[in-house]
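J.: Just dropping this structure here.
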Amino acid sequence: TAGATVALTGRSGRRASEVAAELPGAVGIELDVQDESSVAKAVDEAWSRLGGIDMLVNNAGIGMRTVNPRFMTHSQGFWEVPADGFRAVIETNLTGYFLVAREVTLRMLAAGGGRVVNISVSESTMHRAGFVPYGPSRAGSEALSRIMAADLRDTGVTVNVLLPGGATVTGMLPLDAVPEGRKFLEPEVMGPPIVWLASDDAAGVHDERIVAAEFERWLRDRNGRR
Ligand SMILES: NC(=O)c1ccc[n+]([C@@H]2O[C@H](COP(=O)([O-])OP(=O)(O)OC[C@H]3O[C@@H](n4cnc5c(N)ncnc54)[C@H](O)[C@@H]3O)[C@@H](O)[C@H]2O)c1
Ligand SMILES: O=C(O)[C@H](O)[C@@H](O)[C@H](O)[C@H](O)CO
């Protein structure tokens with residue numbers, strides 16, 4: 001947790017609390033990002049248990065595999081995708097980012113500032129065959145991020161996009177499902193840029209798109225430009 005107090009969220013409050021118990025300074029909170037009243041309740045709880053929220057990381061996401069394991073290989077044409085699966089992925093990955101960001105941003109604006117980080121995917125994922133509806137959901141959340149950044153310019157609330165920069169071995173993409181020939185990364189690659197985005201050094205960083213696998217180089221270039 002890098003010295004921060006962190007609210008970990010998940011649809012199972014019990015599971016979130018179990019994971020939080022293993023980390024210093026973490027609390028577990030139940031949150032279903034698809035459900036507006038759950039979002040309001042969770043943000044309320046996080047705000048009061050943490051004494052405010054300095055940074056939101058929008059990270060919840062599902063792929064079509066969550067809806068139906070046969071879609072893991074991403075070999076389906078869009079015409080084979082069931083409407084309920086399409087809706088479930090958009091509701092979680094796009095509407096979910098919007099609902100949580102809206103709730104947290106309202107409070108950050110009232111408090112005078114804050115930071116939002118929306119986790120995304122490589123650009124290629126947004127137009128690769130077999131990636132309906134996951135690609136459109138993340139293309140949508142990137143557009144959402146850019147517009148949020150424009151809306152929030154000069155308010156003290158910053159918005160940035162962070163992506164791993166390759167397939168990452170997680171619950172969504174277990175090792176045995178990483179497509180052959182694809183670069184794959186460990187989830188820890190996301191740690192340093194997240195910690196940096198929360199730091200004083202990143203206070204003025206706004207509307208950036210940071211690739212975690214290239215973070216060190218990106219930071220060197222940025223420092224060189226300043
Ligand atoms: N794994 C990859 O290769 C990869 C690559 C690029 C980007 N991403 C992005 O990284 C983020 C995290 O994905 P991951 O790979 O760690 O997958 P993951 O399945 O391990 O984690 C996603 C989390 O979202 C939670 N979640 C799902 N629906 C939810 C809901 N309705 N409410 C609250 N929580 C919900 C899940 O419980 C899970 O803990 C996603 O936004 C994904 O798009 C993943
Ligand atoms: O480069 C990327 O951003 C990743 O490869 C993604 O496309 C993941 O594989 C996807 O999030 C899981 O299906």
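Taken together, the values in this text are just the output of simple stated rules run on the coordinates, not laboratory data. Because the structure is a prediction, the values reported are computed rather than measured. Here the Cβ positions follow ideal geometry from the backbone for every residue, glycine too, while neighbour counts run over all protein chains shown.
J.: Per residue of the chain, what 222 nm ellipticity follows from adding -39500 (n - 2.57) for every DSSP H run with n ≥ 4, rounded to the nearest 500?
T.: Calculated at 222 nm, the ellipticity per residue is -12000 deg cm²/dmol.
J.: Of the options THR66, LEU94, ALA111, report the single residue whose Cα projects farthest towards the positive end of the charge dipole of the stretch 61-140 (beta-carbon charges: Lys, Arg +1; Asp, Glu -1).
T.: ALA111
J.: Another question, then. Contour minus end-to-end for THR155 and LYS41, with contour as 0.36 nm per residue of separation and end-to-end as the Cα-Cα distance?
T.: Residue separation times 0.36 nm, minus the Cα-Cα distance, leaves 38.5 nm.
J.: Bins of 10 Å, beginning at zero and ending with the bin holding the largest distance: percent of Cα pairs per bin for the chain, please.
T.: Taking every Cα pair in the chain, the percentages come to 8, 31, 38, 20, 3.
J.: What net charge do the residues around GLY85 carry, taking every other residue with its C-beta under 12 Å from that of GLY85, with Lys and Arg at +1 and Asp and Glu at -1?
T.: Around GLY85, the charge tally is 0.
J.: Just need the relative contact order of the chain here, percent rounded to a whole number, with Cα pairs under 8 Å and 6+ apart.
T.: Over the chain, the number comes to 16 percent.
J.: Using unit Cβ charges (K, R positive; D, E negative) and no other charged atoms, how large, in debye to the nearest 20, is the dipole of the chain about its Cα centre?
T.: In total the dipole reaches around 340 debye.
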